[in-house]
Amino acid sequence: MFNGNAAKARYTRQKRSHADYSEASSTSNYDLSVKAALDEGAGMLAYWVLDVNGRRLISHRGAEGVATLAEFCASQARLSQSSRRQRAAFSILKRCALHSPDTLRALVESMLRFVFLATFFGLLARGQDLGVFDGQSDIGKVLQPGSATYDAGTKTYTVSGSGDNMWFATDQFHFVWKKVFAEDLTFSAKISILGADGNAHRKAVLMVRQSLDGNDAYVDAARHGEGLTSLQFRERRGAPTLEIESNVSGPAVLRLEKWGNRYYMWIGPDADSLTFAGGSAWVEIHAPFYIGLGVCAHDKNALEKVAFSDVEIDFKPRHAKKGKYSTVETVLLSGDARTGYISQKHLSSPGWGKDGHTLTFDAERESGEVLFTPLRTAAPVGPPLAAKPAGGFSYYAAKNGKDSQVWRRSSDGSQAQQITPDDFNYTAPHESPDGKYLLLLCYSKEYDRLADNIPVELRLMTLADGSIKTLATFVGGPDSLGDEPWSPDGKRVVFVSYQSETGTR
């Protein structure tokens, strides 16, 4: 979940800690910068690693952290298929080791470990070439072991995987992976699902994953055997999987973009014709993490095979096409969403047709309307609910200084009461047609108003007990909700999300 206050606090702490460093020395080689200094206050070595844009990738104090940096160096060397990053990192470590015997001992141990691992993986790679990837694993409880091969001539990875599903709170699939330290990246491939007789829901994915545990946080661009294509994600370990379903079926090429903790998907018939798939996911995944190719048979007794070709990994990401995008999205009360309409115009005032079968919106002072298509796994559009009886409470947003909260009052204007907690700013309350829920738009208190293109959350309050859950986390603004966001049958909500030209975080 996005927490602007926490992010701001972390940034403040980082700035303050830098002021304590002295005798600082650094080395920089191409896109890796490793800096270290003696922290006189704590009496130990401190170091941090920066990417090409100056963002901190990892940081540590004391001898304990040297092993982490050694692992980072090994990963970077494998990633670039050269030793230039490794040499840069170890040269600064050797100089820093002079400050502390403990650090020197840890450095020697880490270098020996690195030499052993490099030799081991080097011998392993001679027998099993995995191209740009480091290894392969079955994730979760898989009955049929998976496998992967790489054809250097055609630059194609053929991956076989079993597994019951990649959904709910745990996954089962085969994963060809690389462990990386990065803040941003793009990851793309052409996908050919081999064989026509498998389960319609078998999946081929491009994935960013926190660990190799079956229940950990992840984001993937997934294409199913039947053509269904989605941005799927698990926000934290053990949480249920959510998705944003594309309105395009069976694209040949998928592209996953990571901008900090914000993820986007692009799709198309080829790498030169990619289009934005709409929407985004916010998932906190911290370096080091894994990226790779995954295959799930959606049948624990079967093995399915997928060919991934033209695989590209870029750690200086860029959008496939320049421009700003607006997406009309619909979301179920479960949190699963679907792209309804995408435009490079600024969209606003999303709503529903009277029967719930169309989506309406404004596109820069022009009215628009498109046919609504439910999620493939969701119930069809139901009949409109009867109007809620008159009386009861009304709901409104009010500001107290910079803070915005939601209040309720009785039909005669009495009994005014704040009903939202003070952790975030809350605005735009909309009661569901059946009177059971209240839809809320919230944003961090680091912003004094709901401005354009800021991280927001769409939340749902159960009025019976006041409990709140998050339906969607996206880049939004004052135009994200219209006057009638609820579908006439009360099962879905419509909103507009935004994406900037450079990738909004």
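Computed over neighbours whose Cβ is under 11 Å from that of Asp434, the net charge equals +1, Lys and Arg +1, Asp and Glu -1.
Computed from the C-alpha gyration tensor, the three semi-axes of the ellipsoid equivalent to the range 271-347 are 27, 21, 16 Å, from longest to shortest. Computed over neighbours whose Cβ is under 11 Å from that of Val331, the net charge equals -1, Lys and Arg +1, Asp and Glu -1.
For Lys436, the aspartates and glutamates whose Cα falls under 17 Å of its own Cα, not counting residues fewer than eight places away in the same chain, are Asp465, Glu484, Asp489.
In terms of the Cα gyration tensor, with a ≥ b ≥ c the square roots of its eigenvalues, is the range 135-314 rounded because a/c is under 1.5, prolate because a/b exceeds b/c, or oblate? Since a/c stays below 1.5, the shape of the range 135-314 is classed as rounded. Here r is the Cβ-Cβ distance between Thr358 and Asp434 and R0 is 30 Å; the resulting FRET efficiency, rounded to 0.05, is 0.90.
Extending 7 Å from the Cα toward the beta-carbon at both Phe393 and Leu212 defines two label points whose distance is 5.1 nm.
With 0.36 nm allotted per residue and the present C-alpha distance subtracted, the Ala196-Thr377 stretch has 63.0 nm of extension available. Pairs exceeding a 29 Å alpha-carbon distance, out of Lys178/Lys445; Lys324/Lys399; Lys178/Lys305; Lys399/Lys469; Lys354/Lys399; Lys316/Lys402: Lys178/Lys445; Lys324/Lys399; Lys354/Lys399; Lys316/Lys402.
For the pair Asp403 and Arg365 in one chain, pulling the backbone fully straight at 0.36 nm per residue adds 10.6 nm over the alpha carbon distance. Computed from the Cβ-Cβ distance with R0 of 35 Å, the FRET efficiency linking Arg449 to Lys141 stands at 0.10.
Only Cα pairs under 8 Å and at least 6 apart count here; give the relative contact order of the range 127-239 as a rounded whole percent. Relative contact order here is 21 percent.
Just check the range 325-499 against the gyration tensor rule for me: Cα atoms, a ≥ b ≥ c as the square roots of the eigenvalues, rounded for a/c under 1.5, and otherwise prolate or oblate depending on whether a/b exceeds b/c. Oblate, because a/c is 1.5 or more while a/b does not exceed b/c. Panel order for His174, His286, by other beta carbons found within 10 Å of each beta carbon, from fewest to most: His286, His174. Among residues other than Arg202 with Cβ under 15 Å from its Cβ, the summed charge is -2 (Lys and Arg +1, Asp and Glu -1). If R0 is 41 Å, the Cβ-Cβ spacing of Leu333 and Asp129 corresponds to a FRET efficiency of close to 0.30.
Each value in this text was obtained by applying a stated rule to the coordinates, not by laboratory testing. Keep in mind the model is a prediction, meaning the values are calculated, not measured. All Cβ positions, even for glycine, are placed from backbone atoms using ideal geometry, and neighbour counts span all protein chains on display.
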